[in-house]
1. Looking at this structure, is residue 138 over 25 Å from residue 46 (Cβ atoms) and without any contact (Cβ under 8 Å) to a residue 60 or more places away in the chain?
2. Out of 131, 85, report the one residue that is touching a helix residue (DSSP H, G or I) at 6+ places or on another chain (Cβ under 7 Å) and part of a helix (DSSP H, G or I).
3. Residue 91: in a helix (DSSP H, G or I), out of contact with any helix residue (DSSP H, G or I) (no Cβ under 6 Å at 6 or more places or on another chain) and without any contact (Cβ under 8 Å) to a residue 40 or more places away in the chain, yes or no?
4. Does the stretch 4-18 contain at least one residue that is closer than 18 Å to residue 108 by Cα, surrounded by fewer than 17 Cβ atoms within 10 Å (Cβ to Cβ) and out of contact with any strand residue (DSSP E or B) (no Cβ under 9 Å at 6 or more places or on another chain)?
5. Just to be sure, is residue 62 modelled with pLDDT under 85 and in contact with a helix residue (DSSP H, G or I) (Cβ under 6 Å, 6 or more places away or on another chain)?
């Protein structure tokens, strides 16, 4: 198991900053891919629903045409029966069109919410990258300036004494 470097606080800060930078890049990337998959799924559903609405709309228009043709019929009784049947089918088609349109509207709203969430992930990632870079740079400078430089000098002196 990997354990964090606890021999020096500055080393710990530096390596933690690098880990934060790595996470800050990976997390928003993962969320972006997840979002793109959902967008593709929603676009397919929207297209399917639009085609259904178009089909229902063309049926509705054909009923309107049929209704206008019936207006010219002479038999009042026959015309009223056919008009009532057409009116029932028109209402049924209208309800079906509304039902077909509702998932489209819901999915478009869901996409807006997902887009807002994605932008918050991007912002969080950007802030984390900046914080991680500051932490890493400060940690490495402090580690070298306050610890490693003196260890190197002592090591050099010990090597010179031995020779």
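1. Values: over 25 Å from residue 46 (Cβ atoms): yes; without any contact (Cβ under 8 Å) to a residue 60 or more places away in the chain: no.
Criteria not met by residue 138.
2. Values: 85 fails: touching a helix residue (DSSP H, G or I) at 6+ places or on another chain (Cβ under 7 Å).
Selected residue: 131, the only one of 131, 85 that is touching a helix residue (DSSP H, G or I) at 6+ places or on another chain (Cβ under 7 Å) and part of a helix (DSSP H, G or I).
3. On the way: in a helix (DSSP H, G or I): yes; out of contact with any helix residue (DSSP H, G or I) (no Cβ under 6 Å at 6 or more places or on another chain): yes; without any contact (Cβ under 8 Å) to a residue 40 or more places away in the chain: yes.
Criteria met by residue 91.
4. Taking the stretch 4-18 and keeping what is closer than 18 Å to residue 108 by Cα, we get none.
Checking the stretch 4-18: not a single residue is closer than 18 Å to residue 108 by Cα, surrounded by fewer than 17 Cβ atoms within 10 Å (Cβ to Cβ) and out of contact with any strand residue (DSSP E or B) (no Cβ under 9 Å at 6 or more places or on another chain).
5. Details: modelled with pLDDT under 85: yes; in contact with a helix residue (DSSP H, G or I) (Cβ under 6 Å, 6 or more places away or on another chain): no.
Here the answer is no, as residue 62 does not meet what is asked.
The rows are residues; the columns are (1) part of a helix (DSSP H, G or I); (2) at pLDDT 85 or above; (3) surrounded by 13 or more Cβ atoms within 10 Å (Cβ to Cβ); (4) at positive phi.
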residue	(1), (2), (3), (4)
108	yes, no, no, no
113	yes, yes, no, no
116	yes, yes, no, no
125	yes, yes, yes, no
137	yes, yes, yes, no
140	yes, yes, yes, no
148	yes, yes, yes, no
154	yes, yes, no, no
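The values are calculated or read from the model by the stated rules, or taken from the named source; none is laboratory data. Quick caveat: nothing in here was measured; it's all calculated off a predicted structure. Cβ: placed from backbone, ideal geometry, glycine included. Neighbour counts: every protein chain shown.
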